[in-house]
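The values are calculated or read from the model by the stated rules, or taken from the named source; none is laboratory data. Just so you know, these numbers come straight off a predicted model, no measurement behind them. Reconstructed Cβ throughout: ideal geometry from the backbone, glycine too, with neighbour counts over all protein chains shown. Areas reflect the complete protein model, heavy atoms only, side chains present, ligands, DNA and RNA absent. Shrake-Rupley method; radii C 1.70, N 1.55, O 1.52, S 1.80 Å.
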Amino acid sequence: MNTLTKYCDTVTVRNTSDIVLARSCARALAARLGFGKADQTRLATAVSELTRNVIMYAGSGECNVTDTSDAEFNRIEITVKDHGPGIADIELAMQDGFSTGGSMGAGLAGTRRLVEDFSLESAPGLTKVTVSLSLRRT
Amino acid sequence: MRIAIPRLGRILLCAIQQDLSDDDALEFQSNLLSTIADVEALGVVIDISALDVVDSFMARVINDTASMARLLGAEIIVCGIQPFVALTLVEMGQGLLGANCTFNLEQGLKTLQARIALRGDFTATKDDDEHFD
Amino acid sequence: MSAHNHLAALNLLLTTQRPEILEKWTAEILKSWSKRLPNTFNVSEMRLHTAQLLEQVSQIFACYPTHGLWDFPESHPLALIMSEFSASRAVAGFTPTETAQYVMSLKSVLTLALIRVGITSAAELETNLSAVEDVIGRLTLVTFSAFVATRERIILGQSASLIDLSTPVIRLWDRVLLLPLVGVIDTARARKFTENLLEAITRYEASVTVIDVTGVPVFDTAVARHLMKTVDAAQLLGTRVVMTGLNPEGALTLTKLGITMPNVITRATLRTGVAEALALIGRRIVTIPSSQS
């Protein structure tokens with residue numbers, strides 16, 4: 001799987017190996033931007049959570065990994081999107097311990113704790129979660 | 001994708017090398033449970049040193065596997081958690097992986113053997129004429 | 001660029017009275033920098049620099065546009081020169097004012113000189129004065145922001161090294177680690193020492209980790225949370241944690257937060273904590289029978 005080391009920006013997510021691919025993309029860009037291993041793991045884990053949700057609730061979706069660095073900060077932004085039924089009660093979903101899929105319940109609330117910026121929009125037909133991490137340039 | 005479950009006497013070893021799908025996880029768990037039952041396993045070591053990401057799904061798989069095995073009377077050890085995987089699990093607020101954790105397989109086996117030795121049902125040490133599958 | 005010379009007065013001034021203007025300007029700078037320690041700048045170098053700068057500024061006035069303001073992008077050579085100059089002042093420890101004065105004092109010298117010339121037309125005086133305002137004003141801004149940027153970079157660099165140096169993970173014994181926490185624990189430091197600790201625990205397969213908080217002056221809810229994360233993650237890796245040095249205030253805070261730290265061995269002093277740690281690996285410190293004291 002040599003393609004895993006190539007920089008890629010959008011991954012279509014349909015199954016477990018796509019989750020792994022999306023994680024590698026996030027990790028690769030994060031490493032290139034100078035994020036340490038701990039941050040790389042946080043990002044990869046966030047991507048894992050979000051893309052797994054996509055597969056569980058919408059069947060398929062996409063994960064976008066982008067470099068949104070500016071003069072002061074190196075920044076990586078990840079957007080995971082699907083066209084599934086949407087999250088009925090966003091506030092509830094963001095609470096700790098909440099989960100409909102039977103997972104440990106860390107889900108969205110846990111993911112939010114791993115990143116700096118976290119935004120979520122959801123309506124039937126489109127759910128979009130965007131997360132980002134930044135690193136001050138020295 | 002099958003996860004092999006070699007035996008070391010009445011101890012089972014397995015390594016989760018990569019992410020599992022829902023189906024893979026179910027298959028692994030039922031394999032492990034039937035092996036535990038067949039062999040009357042006293043202990044299981046689950047090696048996750050190859051996992052550089054453990055999200056809430058995988059954490060649940062590991063935890064559930066440990067619970068199931070315990071219900072069948074086997075002691076469980078998880079070994080090889082990578083440092084930043086541990087950190088991320090804690091930061092996410094993920095409940096601690098129920099099982100005891102060790103750094104590597106060797107320590108895992110030692111710990112298991114020590115625990116097993118304390119069990120009431122432990123009769124003999126000699127099952128060594130059985131080999132790896 | 002047009003040579004319309006609508007800044008006739010200013011340009012004449014700079015051509016015929018250059019040395020006097022230079023001298024007045026340099027005198028102003030020296031006055032402002034007089035409190036500076038002698039080693040921080042070289043006077044003859046400074047004179048050379050001001051002479052060159054005045055030459056550049058004169059050329060700008062000679063080509064100043066008839067309409068609109070002077071075009072001064074970030075990439076303009078003069079901007080780069082001023083940035084570099086300003087950065088070197090920042091590194092040398094000059095104050096922001098001293099650095100800004102360098103350029104600003106030229107404005108007052110030129111303004112006064114223009115007024116003394118006795119321009120009769122108010123409109124002409126205004127044109128000349130606003131050109132001075134425009135050019136010197138912008139130069140001052142560039143100087144100032146370069147100074148600030150350099151200062152920030154220095155401070156950040158220092159914090160980064162402090163963070164690195166401040167919490168080493170010490171190998172106390174084979175498979176026993178010690179993390180002595182000293183000083184204020186903020187999020188950045190907590191992250192760094194947690195990451196360092198976890199890597200060390202894994203690398204050395206530490207059976208026991210002693211975390212000493214004697215040196216942490218303030219134990220508030222934020223610090224308690226950072227510490228809990230570190231302890232939880234360490235325990236997840238399989239090490240036993242011994243915590244030492246908590247003071248009554250810290251004990252109060254942790255209890256109020258409902259943090260009981262199950263599975264953590266707590267001891268009041270580092271000494272007893274180390275003894276516990278050693279015991280966990282089957283060791284203890286004994287007197288060597290034949291030693292002379």
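Would you mind estimating how fast chain C diffuses translationally, via Stokes-Einstein at 20 °C and 1.002 mPa s with the Kirkwood radius over Cα pairs, in µm²/s?
Here the translational diffusion coefficient equals 87 µm²/s.
In a Debye calculation with equal point scatterers on the alpha-carbon sites of chain A and no solvent, what is log10 I(q)/I(0) at q = 0.11, 0.13 Å⁻¹?
-0.37, -0.52
Across 10 Å bins from 0, what is the distribution of all Cα-Cα pair distances for segment C:108-226, in whole percents?
That works out to 11, 25, 17, 10, 9, 10, 11, 6, 2, in percent per bin.
Classify segment C:192-288: rounded, prolate or oblate, from the alpha-carbon gyration tensor (a ≥ b ≥ c, eigenvalue square roots; a/c under 1.5 rounded; otherwise prolate if a/b is larger than b/c)?
Cα axes put segment C:192-288 in the oblate bin.
Given only helices, namely DSSP H runs of n ≥ 4 each adding -39500 (n - 2.57), what is the per-residue ellipticity at 222 nm of chain C, to the nearest 500 deg cm²/dmol?
-21000 deg cm²/dmol
Along the principal axes of its C-alpha atoms, what lengths does segment C:33-123 span, in descending order and rounded to whole Å?
Reported extents, whole Å, longest axis first: 47, 32, 22.
On a 0 to 90 degree scale, rounded to 10, what angle separates helix C:122-166 from the longest Cα axis of chain C?
20
Mind ranking B:V85, C:V169, C:V117 by accessible surface for me, highest first, 1.4 Å probe?
Order by accessible area, largest first: C:V117, C:V169, B:V85.
Determine the shielding of peptide A:34-41 by partner chains: average, over its residues, the number of Cβ atoms on other chains within 10 angstrom of each Cβ. Please report the intermediate quantities before stating the final value.
Numbers: counts 0, 0, 4, 7, 12, 3, 3, 11.
Other-chain Cβ atoms within 10 Å of each residue's Cβ, averaged: 5.
Just the accessible area for A:E121, please: 1.4 Å probe, Å², rounded to the nearest 10?
A:E121 has an accessible surface of roughly 100 Å² with all protein chains in place.
Averaged across the residues of C:237-250, what count of C-beta atoms belonging to other chains lies within 10 Å of each residue's C-beta?
Taking all residues of C:237-250 together, the mean is 2.
For C:230-236, what's the mean count of beta carbons from other chains sitting within 10 Å of each residue's beta carbon?
6
Heads up, I need the accessible area for C:R283: 1.4 angstrom probe, whole protein in place, Å², nearest 10.
Counting only protein heavy atoms, C:R283 exposes about 120 Å² to solvent.
Relative to the longest principal axis of chain B, what angle (0 to 90°, nearest 10) does the C-alpha long axis of helix B:83-92 take?
Helix B:83-92 sits at roughly 60 degrees to that axis.
Could you please put A:E91, B:E106, C:E55, C:E98 in sequence from largest to smallest accessible area, using a 1.4 Å probe?
On the way: A:E91 150, B:E106 125, C:E55 75, C:E98 20 Å².
From most exposed to least exposed: A:E91, B:E106, C:E55, C:E98.
Can you give me the accessible area per residue for chain A, using a 1.4 Å probe, in Å²?
With the other protein chains kept in place, chain A gives 47 Å² per residue.
Given bins 5 angstrom wide, list per bin the percent of all Cα-Cα distances in chain B, short to long.
2, 10, 21, 25, 21, 12, 6, 3, 0, 0
Heavy atoms of the protein only, probe of 1.4 Å, neighbouring chains included. What is the accessible area of A:V20 in Å², nearest 10?
Roll a 1.4 Å probe over it and A:V20 shows about 50 Å².
Using a probe of 1.4 angstrom, how much of the accessible area of segment C:68-112 is carbon and sulfur, in percent?
64
Hey, what's segment B:1-96 come to in accessible area per residue, 1.4 Å probe, Å²?
On the way: 3300 Å² over 96 residues.
Dividing the accessible area of segment B:1-96 by its residue count gives 34 Å².
With an 8 Å cut-off on Cα pairs and a minimum separation of 6 or more residues, tell me the relative contact order of segment C:1-104 in percent.
42
Per residue, how big is the convex hull of the protein assembly as shown when only Cα atoms are used? Give it in Å³. Could the numbers behind the result be given before it?
Numbers: hull volume 146.6 nm³, N = 564.
Spread over its residues, the Cα hull of the protein assembly as shown gives 260 Å³ apiece.
What accessible area, summed over both chains, is buried at the C-B interface (1.4 Å probe, Å², nearest 100)? Walk me through the numbers before you get to the answer.
Details: alone 16780 and 7530 Å², together 22860 Å².
Approximately 1400 Å², summed over both chains.
Summing both sides, how much accessible area is buried between A and C? Use a 1.4 Å probe and give Å² to the nearest 100.
Details: alone 7650 and 16780 Å², together 23970 Å².
That pair hides around 400 Å² of surface in total.
Counting protein heavy atoms only and a 1.4 angstrom probe, how many square angstrom of accessible surface do chains B and A bury in total, to the nearest 100?
Roughly 1900 Å².
On the first, second and third principal axes, largest extent first, how far apart are the outermost C-alpha atoms of segment C:210-254 in Å?
29, 18, 15
Heavy atoms only, 1.4 Å probe, whole protein assembly: order B:L32, B:L71, A:L21 by accessible area, highest first.
I get B:L71, A:L21, B:L32, largest accessible area first.
If exposed means no more than 11 neighbouring beta carbons inside 10 Å and the site is in a DSSP loop, what's the longest run of chain B without any exposed trypsin sites (Lys or Arg not before Pro)?
Here the longest segment lacking exposed loop sites spans B:3-125.
Would you mind checking the tilt of helix B:105-117 against the longest principal axis of the Cα atoms of chain B, expressed as 0 to 90 degrees and rounded to 10?
50
Counting helices only, and only those DSSP H runs with n ≥ 4, report the 222 nm mean residue ellipticity of chain A as the sum of -39,500 (n - 2.57) divided by its residues, in deg cm²/dmol to the nearest 500.
Working: 4 runs with 51 residues, N = 138.
Taking each H run of at least 4 residues, the total per residue is -11500 deg cm²/dmol.
So what's the convex hull volume per residue for the Cα atoms of segment C:1-154, in Å³?
Details: hull volume 16.2 nm³, N = 154.
Looking at segment C:1-154, the number lands at 105 Å³ per residue.
Just give the residues from segment B:37-66 buried by at least 10 square angstrom of accessible area in the all-chains context relative to the isolated chain, probe 1.4 Å, and say none if nothing qualifies.
B:D52, B:V53, B:D55, B:S56, B:F57, B:R60, B:N63
Can you give me the accessible area per residue for segment C:246-293, using a 1.4 Å probe, in Å²?
Accessible area per residue: 78 Å².
So what's Rg/Rh here for segment B:42-100, counting alpha carbon atoms and using the Kirkwood radius for Rh?
On the way: Rg = 11.2 Å, Rh = 11.6 Å.
Over the Cα atoms of segment B:42-100, Rg/Rh equals 0.96.
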